[in-house]
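Visitor: Dumping the structure here so I can ask a few things about it.
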Amino acid sequence: LDNAHLADFLKTIRDYYYIAPFTLDSVAVNPQKTLTELTDFDLVIAAKPTKPFSEEEKYVLDQYVMNGGKSLWLMDEVAIDMDSLNANGKSYAIPLDLNLTDFFFKYGVRINPVLVNDLYSARITLATGEGSQAQFSDYPWFYSPLVTSDNQHPIVNNINLVKFDFANQIDTLNQSNNSVKKTVLLHSSILSKVDGTPREIDLAMVMQEPDPKEYTNGYIPLAVLLEGQFTSVYKNRVKPLDLKPTKDESVPTKMIVISDGDVIKNEVGRNGPEELGFNKRTGQLYGNKEFLLNAVNYLLDDNGLINIRSKQIQIAFLDHEKVAAEKTKWQLLNILLPLGLLGLFGLAFNFIRRRRYAA
């Protein structure tokens with residue numbers, strides 16, 4: 001993603017951390033220096049890469065993980081976005097090979113090049129008619145799932161709905177090495193399914209009534225947290241580079257894999273970047289920024305910041321039926337009690353005054 005579409009999130013985390021851009025272009029020239037410089041960073045955020053990673057670049061990233069580096073991956077395995085739709089509202093969704101399948105597979109997940117189709121989704125605004133007769137209407141867009149979580153993990157506890165666009169399916173893999181704990185942070189609704197690719201995407205789909213009977217593949221993982229000791233992708237393989245020293249097993253570390261690069265993308269209006277998660281057409285604010293900020297805080301062990309934002313405040317509400325039933329009693333009590341106390345004070349004052357003067 002370009003800087004304009006990352007602007008709001010970068011501005012937000014700049015209040016908490018020192019950040020800097022980093023590319024892997026120098027791997028081809030001096031891979032050892034690249035790894036050394038990369039390990040100076042506590043966290044790497046890969047925001048919607050679109051070009052395949054070379055084996056040399058993957059090896060540097062792998063050794064960064066082995067040395068305890070944290071990472072946040074926002075990945076698209078299908079090439080499609082709303083901006084790619086042509087004047088007729090059509091485009092083709094095709095698999096996007098980033099050469100990272102074995103990379104994530106070794107760590108315990110697989111991102112499948114399919115699209116998640118969810119009945120619980122955001123709405124898009126489309127124009128019907130032409131010229132002065134055009135009317136704007138909102139329609140559900142099933143490729144924009146609105147995602148929530150049913151677990152109490154601090155990253156997702158008590159956050160608003162997170163909006164995805166053309167998300168992919170994540171599989172969590174059961175491996176013989178159980179040193180990596182996998183936690184599904186976000187998943188689709190129960191009424192969701194996967195659509196294979198390549199396929200045509202047509203805005204005219206909004207006019208078709210979906211058949212709920214087809215939506216039987218629910219609770220599709222879309223964001224997964226991995227924690228523990230990872231095994232190198234290149235263990236027992238020919239190394240593409242000569243790096244020293246190298247490790248086949250990592251120190252304890254963490255990473256989060258999200259199967260949609262647009263989760264971090266803010267809209268850009270006439271006046272510049274909008275707030276991340278803000279839909280300027282509907283005025284709705286989604287929980288994307290809070291989710292990602294929690295993710296970064298958790299990866300960097302800043303749990304105190306997460307707990308402050310996700311703290312649930314219990315508010316005591318009045319029992320309206322009880323209030324109505326006892327309204328008269330409390331009104332009389334509030335009026336008569338002060339008058340009664342004032343009268344008793346007057347009687348006591350006069351009694352003391354008379355005794356004093358009588359003496």
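The values are calculated or read from the model by the stated rules, or taken from the named source; none is laboratory data. Here the structure is a predicted model, which is why all the values come from computation and not from measurement. Positions of Cβ are backbone-derived with ideal geometry, glycine not excepted, and every protein chain shown enters the neighbour counts.
Visitor: Filter the range 17-59 down to the residues that are in a loop (DSSP other than H, G, I, E, B), among the acidic types (Asp, Glu) and without any contact (Cβ under 8 Å) to a residue 60 or more places away in the chain and list them by number.
Guide: Matches in the range 17-59: ASP40 only.
Visitor: For residues that are of a type in the set (Lys, Arg) and touching a residue at least 24 places away in the same chain (Cβ under 8 Å), scanning just the range 246-272, find the one that is surrounded by the fewest Cβ atoms within 10 Å (Cβ to Cβ).
Guide: Once the filter is applied, the top-ranked residue is LYS247.
Visitor: Answer yes or no: is there a residue in the range 60-72 that is buried (at least 18 other Cβ atoms within 10 Å of the Cβ), without any contact (Cβ under 8 Å) to a residue 40 or more places away in the chain and in contact with a helix residue (DSSP H, G or I) (Cβ under 7 Å, 6 or more places away or on another chain).
Guide: Within the range 60-72, one or more residues are buried (at least 18 other Cβ atoms within 10 Å of the Cβ), without any contact (Cβ under 8 Å) to a residue 40 or more places away in the chain and in contact with a helix residue (DSSP H, G or I) (Cβ under 7 Å, 6 or more places away or on another chain).
Visitor: Within the range 81-109, which residues are modelled with pLDDT of 95 or more, crowded, with 16+ Cβ neighbours inside 10 Å and more than 26 Å from VAL27 (Cα to Cα)?
Guide: Scanning the range 81-109 gives a single hit, ALA93.
Visitor: Still on this structure, I have one more. If you go through the range 276-293 one residue at a time, how many are touching a Lys or Arg at 6+ places or on another chain (Cβ under 7 Å) and either among the acidic types (Asp, Glu) or in a helix (DSSP H, G or I) (or both)?
Guide: Number satisfying all stated conditions: 2.
Visitor: Can you find even one residue in the range 16-37 that is of a type in the set (Gly, Ala, Ser) and buried (at least 17 other Cβ atoms within 10 Å of the Cβ)?
Guide: No: the range 16-37 contains no residue that is of a type in the set (Gly, Ala, Ser) and buried (at least 17 other Cβ atoms within 10 Å of the Cβ).
Visitor: Could you list, in sequence order, the residues of the range 176-212 that are closer than 22 Å to THR148 by Cα and basic (Lys, Arg)?
Guide: Within the range 176-212, LYS181, LYS182, LYS193 meet the criteria.
Visitor: Filter the range 141-170 down to residues that are in a loop (DSSP other than H, G, I, E, B) and of a type outside the set (Ser, Thr, Tyr), then give me how many there are.
Guide: Here the count works out to 17.
Visitor: Would you say ASN178 is farther than 30 Å from MET82 by Cβ and in a loop (DSSP other than H, G, I, E, B)?
Guide: yes
Visitor: Taking ASN112 as the residue in question, decide whether it is assigned by TED's automatic domain parsing to the domain that holds ASP248, farther than 12 Å from ASN168 by Cα and either more than 22 Å from the chain's Cα centre (by Cα) or in contact (Cβ under 8 Å) with a residue 24 or more places away in the chain (or both).
Guide: no
Visitor: Only one residue in LEU293, LEU341, LEU337 is under 30 Å from LEU185 (Cβ atoms), at pLDDT 75 or above and either aromatic (Phe, Trp, Tyr) or surrounded by 10 or more Cβ atoms within 10 Å (Cβ to Cβ) (or both). Which one?
Guide: LEU293
Visitor: Looking only at the range 192-217, how many residues end up being surrounded by fewer than 19 Cβ atoms within 10 Å (Cβ to Cβ), at pLDDT 95 or above and under 26 Å from the mean Cα position of the chain (by Cα)?
Guide: 3
Visitor: If only one of ASP165, ASP202 is within 17 Å of ALA122 (Cβ to Cβ) and either touching a residue at least 60 places away in the same chain (Cβ under 8 Å) or assigned by TED's automatic domain parsing to the domain that holds ALA47 (or both), which one is it?
Guide: ASP165
Visitor: When you look at ASP242, is it without any contact (Cβ under 8 Å) to a residue 12 or more places away in the chain, in a loop (DSSP other than H, G, I, E, B) and touching a helix residue (DSSP H, G or I) at 6+ places or on another chain (Cβ under 9 Å), yes or no?
Guide: yes
Visitor: Against the conditions (1) more than 25 Å from GLN152 (Cα to Cα); (2) modelled with pLDDT of 90 or more; (3) more than 23 Å from the chain's Cα centre (by Cα), where does GLN229 fall short? Just the number, please.
Guide: If we test GLN229 against (1) more than 25 Å from GLN152 (Cα to Cα); (2) modelled with pLDDT of 90 or more; (3) more than 23 Å from the chain's Cα centre (by Cα), just (1) comes out false.
Visitor: Also: When the residues of the range 113-137 are filtered to those that are polar (S, T, N, Q) and within 30 Å of LEU285 (Cβ to Cβ), which remaining residue is modelled with the lowest pLDDT?
Guide: Looking at the filtered set, the residue picked out is THR128.
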